[in-house]
Structures are given as structure tokens and as C-alpha cells.
Amino acid sequence: MKKLFYLVVFILGFTCYSQTPKELFIKANSFYKKGNYKEAIELYEEIEKTNKVSSELFYNLANSYYKLNKVGPSVYNYERALKLDPSNEDARNNLVFAKRLSLDRIESLPKSFLQKFNQNYISKINYNQWAIISIILSFIASLLFLLYYFTNISSRKKLFFSTSIITLILLVISLSIAFHQFNKKQNTVEAIVYSSEVSIKNEPTVNANESFVLHEGTKVFVLDSVDDWKKIRLSDGKIGWLKNKEIKIVY
């Protein structure tokens, strides 16, 4: 009888474990719709362990945490959703509401026209998408040049030549943006404060003076690391040090 019992448990466990990420995602969404947010979170995080991640997964995970008033995890996962897909407007809009739950109100430094243009338009397409655009433009430019080279009609030669030059210029621009965004992603480390309240020091030591205080859900930029300390910068330019355990890196 015991052997039969263990066999049944094993089969049930194997069946649950063998569910595909898609099946788990559907089940998690069902829990979310019913208001069972903790159960939904467990399944979303189970999918994350399989590395079958997507912007939609982190978006739904963030929504579940938001419903439970978990500021840090909700902001963190909205940021992760946008990291994978900067054009995810739902995640961007909900992130605004999640940040309102945080106690910190940090004003960003004034941006120039080009910085605003980059943030509102160019940055909404990630470097992989810009690379694809560059490949498409390179094919178009090559085709236009071949048409220019082989045609014998003067008016068409002018048309193909001018359009190939314009396409080539757009190709250079898209390549520049792709490289710029790739380098920015490699050199910019973002993190979210997970502790309810953390004292930011002016040096990476416990006895250092307190510079300011941050609360759960605040976004910071990691500049450097020393032992178990991280040097961080806020969007308003303030700089300080905190322990590694106080934040989670957005990746």
C-alpha cells in the first residue's frame, strides 16, 4: 500500500513538474484573474527559473506584486519587463503607479531636447531591433545601388542614386544608435531598493556618516563595488554607498 501511495505521489509530482512554461503561464494568469495573487506569483517565478522569460511574464509578475502592495518587487519586475521590451506601454504606465507607493520623491536632473527625444522615441526600440533595422536598410541600399548601376535611363539613375544615398545615411544612423544603446546597456547597471528603509553612507563602511535615506521601490544606478558595498547614484545626482543586500540588480 505504501509503495502504491509513493507511486501516486511521484506521478502527480512529475506531472506538475513536467508542465510547459506556456501551461504554467496560462494557469498563473487564471490564478491572477481569480485574485489568487500569491499562487500566481509562485507559478510566474517557477517559469522564470526555466529561463523562458519575456516582457509579458515580468509584467504579469509585477502586477501580482502590485496587487499585494509589494512596492520593491512590483517596481523591480516592471523595470525588467521594460528592459526586455522598451515599447511595453502597459508596463511603463503601471510603473508610474507602482512608484507612487514608494516614500521617496526624487526629481530627475533637467534633460536637454536631445535627451528627451532619445528617451521618448529612440530608446523605446532596443539595440537588437535597431540592429534588425540596420540589416534591412543595408539590403535596401544594396538593391538601390544595383538598380542604379544597371539601369540605362537617366531619370531612374538619378532616382536610384539619391534614394540609395538617403538609405545609406539612415543605415549609418541606425548602426550608430544600435552601438550606442548596446554600450549604454553594458555600462549602465540599474537596481531597485528592496529594503523598507536603508541608510545611505558617504563611505563604504558601517561607521561612515549618513548622507540620506532611501525606501523600498526607489531606482538607483550602480557605479562601483567594494567588498559587500555598492556605490550608487540617484536620478537627481546624489551619490552614496549601501550594502549589496539592500538592492536587486535589474537584468
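The values are calculated or read from the model by the stated rules, or taken from the named source; none is laboratory data. Because the structure is predicted, anything quoted here is derived from the model rather than measured. With ideal geometry, Cβ positions are generated from the backbone for all residues, glycine too; neighbour counts draw on all protein chains shown. Side chains are part of the model used for accessible areas, which takes the heavy atoms of the whole protein and leaves out ligands, DNA and RNA. Shrake-Rupley method; radii C 1.70, N 1.55, O 1.52, S 1.80 Å.
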From the square roots a ≥ b ≥ c of the eigenvalues of the alpha-carbon gyration tensor of segment 23-162, which class results: rounded (a/c under 1.5), prolate (a/b over b/c), or oblate?
-> oblate
With charges set only on the Cβ (+1 for Lys and Arg, -1 for Asp and Glu), what does the dipole of segment 138-248 come to about its Cα centre, in debye to the nearest 20?
-> 800 debye
Sorted by packing (mean other beta-carbon atoms within 10 Å per residue), highest first, where do 174-186, 74-86 land?
-> 74-86, 174-186
What is the Rg over Rh value, at two decimals, for the chain, using alpha-carbon atoms and the Kirkwood definition of Rh?
-> 1.13
Report the accessible area of residue 227, computed with a 1.4 Å probe over the heavy atoms of all protein chains in place, in Å² rounded to the nearest 10.
-> 140 Å²
Pairs 38/99; 33/124; 70/230; 83/219; 22/52; 124/185: which are spaced more than 18 Å apart, C-alpha to C-alpha?
-> 38/99; 33/124; 70/230
Residue by residue, what Karplus-based ³J(HN,Hα) values in Hz, rounded to whole numbers, does segment 114-128 have, using 6.51, -1.76 and 1.60 with θ = phi - 60° and x for Gly and Pro?
-> 5, 5, 5, 4, 5, 5, 7, 10, 5, 6, 6, 10, 6, 5, 5
Segment 134-251: relative contact order as a whole-number percent, Cα under 8 Å and 6+ apart = 21 percent
Charge dipole of segment 123-251 about the Cα centre (unit charges at C-beta), most positive-ward option of 223, 200, 242 = 223
Regression test value, accessible area per residue of the chain, probe 1.4 Å, units Å², expected 65 Å²
Find the centroid of the Cα atoms in segment 124-191 and in segment 16-81, then give the distance between the two in whole Å.
-> 38 Å
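So, by mean Cβ neighbours within 10 angstrom, what's the order for 50-63, 30-43, 196-209 with the highest one leading?
Ranked by mean Cβ neighbours within 10 Å, highest first: 50-63, 30-43, 196-209.
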Taking the Cα centre of segment 45-124 as origin, work out the dipole magnitude from +1 charges on Lys and Arg Cβ and -1 charges on Asp and Glu Cβ, in debye rounded to 20.
-> 240 debye
Report the relative contact order of segment 88-180, percent, no decimals, based on alpha-carbon pairs under 8 angstrom and at least 6 residues apart.
-> 31 percent
Assigned charges on the beta-carbon of Lys, Arg, Asp, Glu; segment 111-192 dipole about Cα centre (debye) = 200 debye
